[in-house]
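What follows is one structure encoded as structure tokens, with my remarks underneath.
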Amino acid sequence: MSRPTIAGVARAAGVSVASVSRVLNGLPATEEMVERVQRAVSELGYVPDARARSLKVGRTFQLTLAVADVGNPVYVTMMRAVEEVVAAAGYRLVVTTTGPDVVDEVALVRGMARGYADGLLISPLRVDEDLVKSIRECEVPVVVAGNVPAKAGVDTVRANSPKGMLLAVDHLASRGRTRIAFLNGPADTVPGAARAKGFTEALKAYNLEPVAATEAADFTFAAGRSAGRQLLTTSGAERVGFDAVVCANDLLAVGLMHELAAVGLRVPEDVAVVGMDDSELAEQSFPPLTSVNLGSAERGRRAAELLLARIEDNDRTPRRIVVQPSLSIRRSTP
């Protein structure tokens, strides 16, 4: 039995081959045309020849999403949102991990010259001059989900971490928690620097002084437990040192809650805990975690849309979008 062709789909749908191509490539078409083409594709079992398509238009119809850690729930949420947008436009998403080292981020950006993808969406954990230069000189369009200097000349979508910290401190202060500690990730990272700055500014807004602060080795659950032990040891918490902790992400917060439980401190009765990212983990933890939603899904969607637009018109003026946060209140705060 011969393989169904695009011409066969056109005959079955009663439209032109050009019309079938428009529908299959996600280009504007009437609802009736889309329905007729999709019905014919389904009935015939037509599968587009990706290799021929790529050779014809000079594209791979693949996009790369690069994140520091594919196991982090916030990146999973972002990935799902990106995939939904690019798949609807006829692209396949390839996800890769850069790790925490900026050298590996630079290598990945420079490796895009090999031509295995039509564009790159990267969420860098650390940024330096080499990374900015490699993004500026990259041979395919790049969008950054994060913050890089404007001189990079690239579309960016970032969270408003300082405002997120203000939401967290405002919530705790409104509940009478004024001895607030901070558990950050590495301060030399993009999110670590932004959240440290935001925490300091938020405390000043309420005329509060930091009770204790510690910096985890990275943004993982294990690092949260280790930093949590350090926070308890150095602050002399023992039920009186602090009555709340703001954590730089949900993984750190859950790690901290394990350490609080290990020394007999109750959440939220003794210590209220707030995370950031509002990932699935926040709802799954015990008690469920109050967390600042930094719009990871929205950031993923907006970044994917910018990347598709950049692929179609690489001369567009770069856009810098900021997604605003919200607070999801759960049982880890009173």
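Quick notes on this structure:
- Output for segment 176-201, where each listed residue is in contact with a Leu (Cβ under 7 Å, 6 or more places away or on another chain) and within 15 Å of F242 (Cβ to Cβ): T178, I180, A181, L183
- Subset of segment 154-182 (residues that are over 27 Å from A81 (Cβ atoms) and in contact with a strand residue (DSSP E or B) (Cβ under 6 Å, 6 or more places away or on another chain)): L172, R177, I180, A181, F182
- Selected residue (criterion: surrounded by the most Cβ atoms within 10 Å (Cβ to Cβ)) from residues of segment 84-128 that are touching a residue at least 60 places away in the same chain (Cβ under 8 Å) and in a helix (DSSP H, G or I): V86
- Hits in segment 262-280 (condition: over 18 Å from A181 (Cβ atoms) and surrounded by 21 or more Cβ atoms within 10 Å (Cβ to Cβ)): D277, D278, S279
- Residue among E259, E269 that alone is acidic (D, E), assigned to a loop (DSSP other than H, G, I, E, B) and more than 21 Å from the chain's Cα centre (by Cα): E269
- Scanning segment 193-252 for residues that are among the aromatic types (F, W, Y), outside any helix (DSSP H, G or I) and open to solvent by less than 40 Å² (accessible area, probe 1.4 Å) yields F219, F242.
- Failed condition for T317, given (1) farther than 29 Å from R92 by Cβ; (2) free of Cβ contacts under 8 Å to residues at least 24 places away in the same chain; (3) of a type in the set (V, I, T): (1)
- Here the condition is being modelled with pLDDT of 85 or more and in contact with a Pro (Cβ under 9 Å, 6 or more places away or on another chain); of G119, G111, it holds for G119 alone.
- Test: residue in segment 235-255 that is out of contact with any Cys (no Cβ under 6 Å at 6 or more places or on another chain), of a type in the set (S, T, N, Q) and within 30 Å of V211 (Cβ to Cβ): yes
The values are calculated or read from the model by the stated rules, or taken from the named source; none is laboratory data. Source: prediction; values computed, not measured. Ideal geometry is used to build each Cβ from the backbone, glycine not excepted, and the neighbour counts take in all protein chains shown. Remember, those area values only see protein heavy atoms, side chains included, never the ligands or the DNA or RNA. Shrake-Rupley method; radii C 1.70, N 1.55, O 1.52, S 1.80 Å.
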